[in-house]
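The values are calculated or read from the model by the stated rules, or taken from the named source; none is laboratory data. Given the structure is predicted, the values throughout are model-derived calculations rather than measurements. Neighbour counts run over all protein chains shown; Cβ positions are idealised from the backbone, glycine included.
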Amino acid sequence: MQHSEETTEQIPLRDRITWPPSPTEEKYPYDEWFDGSIWKLHMYQDFFIHPNSMRSALYMAARRKGKKIKTHCPTTQDCIYVQAVKK
């Protein structure tokens with residue numbers, strides 16, 4: 001497309017920005033993990049980020065889903081324990 005001074009038109013910024021579509025599927029099976037059971041999630045098997053980052057992701061996902069969870073990250077292991085609890 002060539003630029004022509006004759007056809008220059010101001011396009012509102014909101015019409016020029018295209019945002020990527022939001023993902024329809026979540027990266028992790030939070031619904032399964034938040035079923036009330038105690039889950040031991042292993043780094044490099046169940047998740048691929050630092051356990052502390054995964055812990056934050058779990059709390060954010062629980063909040064989005066209206067759930068309460070508790071977690072435990074053992075300092076000597078690359079895993080996280082997670083369980084959904086009643087409010």
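Taking into account only those residues within the range 39-87 that are among the β-branched types (V, I, T) and not in a loop (DSSP other than H, G, I, E, B), which is farthest from K27 (Cα to Cα)?
V85
Being surrounded by 11 or more Cβ atoms within 10 Å (Cβ to Cβ), aromatic (F, W, Y), out of contact with any Asp or Glu (no Cβ under 8 Å at 6 or more places or on another chain) and closer than 16 Å to K87 by Cα is true for just one of Y30, Y59. Which residue is that?
The unique qualifying residue is Y59.
Looking for whichever is modelled with pLDDT of 90 or more, of a type outside the set (S, T, N, Q) and either more than 21 Å from K87 (Cα to Cα) or in contact with a helix residue (DSSP H, G or I) (Cβ under 7 Å, 6 or more places away or on another chain) (or both) here; the options are P51, P21, P12. Which one fits?
Unique residue meeting the criteria: P51.
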